[in-house]
Ligand code: GDP
């Protein structure tokens, strides 16, 4: 009889984000009834407006429902994209890097002009953040328009991974310069392969062999010397060998086997965005998987919308865009941010829901989010989030740089490695901070200081900068952080055990075991295993623990309690429930 009564109760799960219309459907009443209830609570809402979840809860209860908020994970909203689609070769996405004045901009311009096939078709190059170069035989390369590793690293700092290949421009009359080294280190930090374009070979003082020698010392050994780095001698000014460079880029792309799914919903990255007075939010997206079409509902970061119109880098209208294609799109409700990933979803409602949930999460995270702090290293490792300590070193002299590099790298152990992402003489710059942010690294300054911009960026992005003037102290600090990096040992501690003396099937809950605590204590939410005839038949958690009707935290030896095991209902009289906790112990060095 009692069971029948329980069935009378109307239970409803309300999504975190719900509109008046959706709430009315859930509660099986006309929308105006919900609106009236809302008015009673002082909330004036139209049918398509979202209702704050606490208010939705109250409305449901007022209408006789037992309601709870269903936490919606954005993962469950984003559909699994079926993987039956074939992956096909896609054009490489390339960034041009190098020291200032070595010819990055000129090279990009020349490459675009080499683009004969496109010129015939008409269309004027637009600056949308990336451009596509098509060779006469139809093969394509996508170039990011902003040269330099700064743009590349700041996209990376936002989690975007778009670049396949870096073209390192080194002027043959100037050789390796500080930003050349920085560019190499930035590319290496993210495992982006490098092709070297030795530029300005038309100049009288050009010495391409010197560039090869200098880069070899940095580990970029030319193929003709038995290494694996492609070097191409070019003149961005005269165009000499630029086509050969493009061929080599495509060759490397082939070796890298760059592939993407062409069919199915699009995914990719926002590389630029701006607010246009006439057109509203305008974003440049690079499609990385699938095909983006006009009309597609899309979410990018915390903004969403529907693709209203799409243009390529020549300003031509498109209806669809496949992998590696940069497109300028209209239709976002708000401005997405460069570096945000975008996905196409089933409908606009879903897009809005995902955006809303992300917004809420972001607000929560913003309070917590920060870069890696040296003090956190220990904890991060305990939580299994880190097994490599990345450092950026800036020092006053080459001597101290080499000494620190050596001493710090030697602190590596088989379990933990210390990796110097970038080391150079000079002050700490904004680039260093962006690299640290993008790669979760810590900056160590020895007798150097951050400049004002670097300081501000570090504060904003919460990047840890440690300043030292005694080498020994720097080494000690890192060593101490590394002690935590050693994998802690997991140790199990049994808390107690209980015998099952009766079982109860409870509607909507499952089987609850009536137990007697034999020794120690049974603790709510602790790990538990079920032992039958000496054999462990279940491992999981104590989901709920009651003494009589009351929820309790723990029950001690000699007392009775009701135990519900998480996701398990097959408990039998005579079973033993053992409750334990896992402790992480610091290993001794
Ligand atoms: P960026 O700072 O790396 O983007 O360098 P730019 O593309 O602005 O080039 C810097 C200067 O070098 C400009 O005056 C260019 O005209 C010149 N330059 C670039 N490439 C070449 C080249 O191949 N040969 C010669 N002679 N000059 C070049």
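Just so you know, all these numbers are worked out from the coordinates, no wet-lab data involved. A quick note: this is a predicted structure, and the numbers were derived from the prediction, not measured. Heads up, the Cβs are rebuilt from the backbone with ideal geometry, glycines too, and the neighbour counts pull from every protein chain shown.
Points worth noting:
- Rounded Å value of the spacing that divides the Cα centres of the stretch 170-190 and the stretch 410-473: 19
- Cα pair count fraction exceeding 20 Å, expressed as % - the stretch 513-589: 29
- Overall form of the chain per C-alpha gyration tensor (a/c, 1.5; a/b vs b/c): oblate
- Per residue, the chain reaches -9000 deg cm²/dmol at 222 nm when only DSSP H runs of four or more residues are counted, each adding -39500 (n - 2.57).
- Each 10 Å bin from 0 upward holds the following percent of the Cα-Cα pairs of the stretch 12-72: 27, 65, 9.
- Between 0 and 90 degrees, the angle of helix 452-461 with respect to the longest Cα principal axis of the chain falls at about 30 degrees.
- On Cα atoms only, tilt of 178-189 relative to the major axis of the chain in degrees: 40
- Computed over the stretch 124-178: relative contact order in percent, which uses C-alpha pairs under 8 Å that are six or more apart: 21
- Along its first, second and third principal axes, ordered by size, the stretch 87-260 spans 42, 37, 29 Å in Cα coordinates.
- D_trans [Stokes-Einstein, Kirkwood Rh over alpha-carbon pairs] for the stretch 384-485, 10 °C, 1.306 mPa s, µm² s⁻¹: 118
- Compared with the dominant Cα axis of the chain, that is its longest principal axis, helix 104-113 is turned about 80°.
- Shape annotation for the stretch 433-481: C-alpha extents along the principal axes are 29, 20, 13 Å, from largest to smallest.
- Equivalent ellipsoid, the stretch 262-357 (semi-axes from 5 times Cα gyration tensor eigenvalues, Å): 17, 16, 12
- Rel. contact order, % - alpha carbon contacts under 8 angstrom, at least six apart, the chain: 10
- Fully extending the segment from residue 218 to residue 319, taken as 0.36 nm per residue of separation minus the present Cα-Cα distance, adds 31.8 nm.
- Fewest-first ranking of 324, 53, 439, using other Cβ atoms within 10 Å as the exposure measure: 53, 439, 324
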